[in-house]
Amino acid sequence: MERRKSETLGAVLSRVLAQSGLQSALNERRLIGAWPDIVGEVAARHTRELFIRQQVLFVRLDSPALRTNLSMQRTDLARHLNARVGAQVITDVRFV
């Protein structure tokens, strides 16, 4: 009987997700889920919609003042969100 190289379950799942093309969709969901933790409770309450298209996170807010404030932090927000997911998921954040 020949012994095979053993792998952890996490490694096997990561490989299967990457091969099936589901890894990027999973990372996008994780990034959107991390939004309240990164921006805080107040901004999360004023967030009406989040979606990702072509590596850009679009955020719809109901507060013009908050939109202006967060727009000045776009680069930092993208960096923190990507770091939370552990992958380069987005390149920019746009407020609509």
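Taking into account only those residues within the range 25-41 that are at pLDDT 95 or above and more than 8 Å from the chain's Cα centre (by Cα), which is most open to solvent (accessible area, probe 1.4 Å)?
Once the filter is applied, the top-ranked residue is Glu41.
Assuming Val89 fulfils every condition listed in (1) out of contact with any Leu (no Cβ under 7 Å at 6 or more places or on another chain); (2) touching a residue at least 60 places away in the same chain (Cβ under 8 Å); (3) among the β-branched types (Val, Ile, Thr) apart from one, which condition is it?
(1)
Does Ser6 count as surrounded by 15 or more Cβ atoms within 10 Å (Cβ to Cβ) and over 17 Å from Gly86 (Cα atoms)? Before the answer, list the steps.
Values: surrounded by 15 or more Cβ atoms within 10 Å (Cβ to Cβ): no; over 17 Å from Gly86 (Cα atoms): yes.
No: the conditions fail for Ser6.
If you take the residues in the range 67-91 that are touching a helix residue (DSSP H, G or I) at 6+ places or on another chain (Cβ under 8 Å) and open to solvent by less than 30 Å² (accessible area, probe 1.4 Å), which one is farthest from Ser14 (Cα to Cα)?
Leu70
Picking from Val12, Val16, Val96, which residue would you name as being open to solvent by less than 60 Å² (accessible area, probe 1.4 Å), of a type in the set (Val, Ile, Thr), modelled with pLDDT under 95 and over 12 Å from the mean Cα position of the chain (by Cα)?
Val12
Within the range 20-47, how many residues turn out to be under 19 Å from Thr68 (Cβ atoms) and among the basic types (Lys, Arg)?
1
Which one of these does Ala83 not meet: (1) at negative phi; (2) more than 10 Å from the chain's Cα centre (by Cα)?
(2)
The values are calculated or read from the model by the stated rules, or taken from the named source; none is laboratory data. On a predicted model such as this, the values are computed, not experimentally measured, just so you know. When we count neighbours, we look across all protein chains shown, and the Cβ atoms used for this are built from the backbone with ideal geometry, even at glycine. Side chains are part of the model used for accessible areas, which takes the heavy atoms of the whole protein and leaves out ligands, DNA and RNA. Shrake-Rupley method; radii C 1.70, N 1.55, O 1.52, S 1.80 Å.
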